[in-house]
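In what follows, a structure is listed as structure tokens, so that the remarks can point back to it.
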Amino acid sequence: MGQSEVNVTGNASRFRVLITDYVWPNTNVEREVLERIGAEAIESDSPDEERLAELAADCDAILTCFAKVTDKVIRSASNLQVVSRYGVGVDNISVDTATGLGIPVTYVPDYCIEEVADHSMALLLTLARSVVNLNAGVRSGGWDPSLGRPVYRLRGKVVGIVGYGRIGRAVAGRAQAFGFEIAVHDPYLTADMFPAGQAPKFVSFDELLAVSDFVSVHTPLTTDTRHLIGEPELKKMKSSAFLINTCRGPVIDEYALARALDDGELAGAGIDVLEGEPPPSDHPIRSARNAVITPHTAFYSEESLHELQRRTAQSAADVLCGKVPENIYNADALAAAGNN
């Protein structure tokens with residue numbers, strides 16, 4: 001995308017806002033929000049650290065999607081007041097640096113709950129009904145129902161949900177509508193945190209892996225969850241089980257997953273996120289047996305994109321105008337700012 005600048009006020013801009021990257025057609029929604037406060041939007045032509053640091057040097061705010069906003073990028077921006085993330089996770093931002101400098105990092109933790117839950121179920125059902133294999137057979141000129149075997153009745157099967165936040169709970173509701181039993185593992189929740197009779201069935205991580213027919217992962221990416229599911233965990237799952245990941249790629253060791261699929265240790269996997277995106281053409285997950293892969297699109301709907309663009313830009317605008325933004329990831333930054 002090319003660098004462009006907009007200032008519709010006719011006067012010198014009050015603020016400069018760097019947009020590091022985006023995966024939608026244009027930034028018209030963001031510009032509309034920013035122009036209301038007299039802010040000038042600048043789109044980077046590269047996600048490279050050096051280029052971002054150069055462009056950020058005289059910017060007051062940064063909006064970022066997937067580009068890495070590193071320590072260097074943040075420190076290069078002497079006027080920086082806010083880093084606003086297009087999305088739920090902030091693992092591509094040097095939050096510690098921002099916090100130490102009193103710079104809030106905003107995010108949008110609830111913009112695509114419905115979409116990601118729907119996509120998780122779409123991957124699950126595609127695998128459960130062997131849709132990809134059957135479709136490929138027909139498209140190649142055949143008409144062989146046996147290509148989908150074995151297919152099992154869903155009612156009564158167990159969906160194990162790892163991480164029971166907003167999206168995990170939305171997936172649970174959808175799965176229950178299909179007659180699935182639900183098992184949950186979330187180390188930060190206990191049954192007594194829920195109203196009487198509304199707590200899910202909490203189990204240990206090992207038990208969830210052992211009893212689930214489908215494991216759907218919905219955790220943030222942290223040092224504790226990186227490669228949360230690797231070779232040892234995959235071996236604890238049923239050979240007839242399916243793994244679904246729509247959260248963050250590095251939560252799963254995808255090389256171990258590819259091996260497990262090809263060796264028949266796992267029935268299939270539905271993956272929307274990978275550790276490196278896009279993966280190399282020779283990455284084993286691309287050709288792994290019964291792997292259904294989508295290109296990090298679970299968040300997408302026209303409505304969710306519009307909401308994401310608007311709320312991300314509005315959070316930055318709020319900070320620039322001295323207001324408390326809707327969602328601050330690093331609340332400690334406000335205290336640090338008061339001490340600077």
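The values are calculated or read from the model by the stated rules, or taken from the named source; none is laboratory data. All values reported here derive from a predicted model rather than from experimental measurement. Methodologically, a virtual Cβ is constructed for each residue, glycine included, from the backbone with ideal geometry; neighbour enumeration extends over all protein chains shown. Accessible surface is based on the protein model in full, side chains and every heavy atom, while ligands, DNA and RNA are left aside. Shrake-Rupley method; radii C 1.70, N 1.55, O 1.52, S 1.80 Å.
At a glance:
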read-out	value
Sulfur and carbon atoms: percent of accessible area, the range 243-340 [1.4 Å]	49
Equivalent ellipsoid dimensions for the range 194-327 as semi-axes, Å, which come from the Cα gyration tensor, largest first	32, 21, 13
Which of E50, E43 is most accessible, then next, and so on - probe 1.4 Å	E50, E43
Once the Cα gyration tensor of the range 123-229 is diagonalised, semi-axes √(5λ) in Å	32, 16, 11
With Cα atoms, 0 to 90° folded angle of helix 302-320 axis to the chain main axis	40
Using θ = phi - 60° and Karplus 6.51 cos²θ - 1.76 cosθ + 1.60, couplings along the range 148-156 (whole Hz; Gly, Pro as x)	x, 7, x, 10, 10, 4, 7, 4, x
Rule-of-thumb Rg ratio for the range 48-161 [Cα; 2.2 N^0.38 Å; N residues]	1.71
Selected from Y86, Y255, Y111 as most flexible by GNM, with the chain as the system and alpha-carbon contacts under 10 Å	Y255
Heavy-atom accessible area per residue - the range 46-140, 1.4 Å, Å²	39
Antiparallel bridges, percent of DSSP beta bridges restricted to the chain (to nearest 5)	10
Which of L124, I37, A98, positive extreme of dipole for the range 1-141 (C-beta unit charges)	L124
Qualifying trypsin sites (Lys or Arg not before Pro) for the range 92-159 [loop in DSSP, other Cβ within 10 Å: at most 15]	R129, R153, R155
Cα-centre dipole for the range 242-297 with unit charges at Cβ (Lys and Arg positive, Asp and Glu negative), debye to 20	120
Residues of the range 170-249: accessible area per residue with a 1.4 Å probe, Å²	48
P(r) tail fraction, the chain - alpha-carbon pairs more than 25 Å apart, %	56
